[in-house]
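Student: Below is the structure I would like to discuss, written out as structure tokens.
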Amino acid sequence: QVQLVESGGGLVQPGGSLRLSCEASRSIFSIYHMRWYRQAPGRERELVAAITSRGNTNYVDSVKGRFTISRDNAKNTVYLQMNSLKSEDTAVYYCNAYYSTTLAYWGQGTQVTVSS
């Protein structure tokens with residue numbers, strides 16, 4: 001069993017920045033792929049960024065060049081640095097630890113609101 005706890009969401013003006021954190025209850029990054037998803041009201045959950053167990057990263061096109069996913073193995077924490085935020089980035093952001101289709105864990109989500 002793995003618990004994931006997200007933090008760092010909040011209200012920010014367009015063009016601003018936020019850093020989300022996702023702390024895992026134990027060391028898993030060597031075998032789990034870590035992902036950030038988001039879900040806006042009335043929309044499906046969307047994969048935003050991912051970092052593989054080997055450290056490779058990828059992003060959805062809409063956030064490339066603005067968001068950065070990283071991890072600190074010593075702290076069992078994955079981050080999502082979000083810069084140049086837009087109103088369309090408003091959503092609940094979820095951390096996901098993925099090993100297989102039958103073995104994956106989710107955090108509780110953290111709200112990000114981009115508004116003036």
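The values are calculated or read from the model by the stated rules, or taken from the named source; none is laboratory data. Everything numeric in this text was worked out from a predicted model, so none of it was measured. Ideal geometry is used to build each Cβ from the backbone, glycine not excepted, and the neighbour counts take in all protein chains shown. These accessible areas exclude ligands, DNA and RNA; they are computed on the full protein's heavy atoms, side chains included. Shrake-Rupley method; radii C 1.70, N 1.55, O 1.52, S 1.80 Å.
Student: Cβ contacts < 7 Å: first residue open to solvent by less than 60 Å² (accessible area, probe 1.4 Å), restricted to segment 98-116; second residue among the hydrophobic types (A, V, I, L, M, F, W, C) and not in a strand (DSSP E or B), any location; separation 6+ or different chain. Result?
Tutor: Tyr105/Val2; Val114/Leu85
Student: Separate question: Would you call Thr52 among the polar types (S, T, N, Q) and touching a strand residue (DSSP E or B) at 6+ places or on another chain (Cβ under 6 Å)?
Tutor: Working: among the polar types (S, T, N, Q): yes; touching a strand residue (DSSP E or B) at 6+ places or on another chain (Cβ under 6 Å): yes.
It is true that Thr52 is among the polar types (S, T, N, Q) and touching a strand residue (DSSP E or B) at 6+ places or on another chain (Cβ under 6 Å).
Student: Which of the numbered conditions does Asn56 fail, given that it passes all the others? Conditions: (1) open to solvent by 60 Å² or more (accessible area, probe 1.4 Å); (2) within 17 Å of Asn76 (Cβ to Cβ).
Tutor: For Asn56, the failing item is (2).
Student: Could you name every one of the strands (runs of 3 or more DSSP E) located completely within segment 40-116 that has at least 3 residues being within 24 Å of Val12 (Cβ to Cβ)?
Tutor: Because the criterion is at least 3 residues that are within 24 Å of Val12 (Cβ to Cβ), the strands (runs of 3 or more DSSP E) in segment 40-116 that meet it are 46-51, 67-72, 77-82, 91-100, 110-114.
Student: Give segment 30-52 a look and list any residue that's over 13 Å from the mean Cα position of the chain (by Cα) and closer than 14 Å to Trp106 by Cβ, or say none.
Tutor: Correct list: Tyr32 only.
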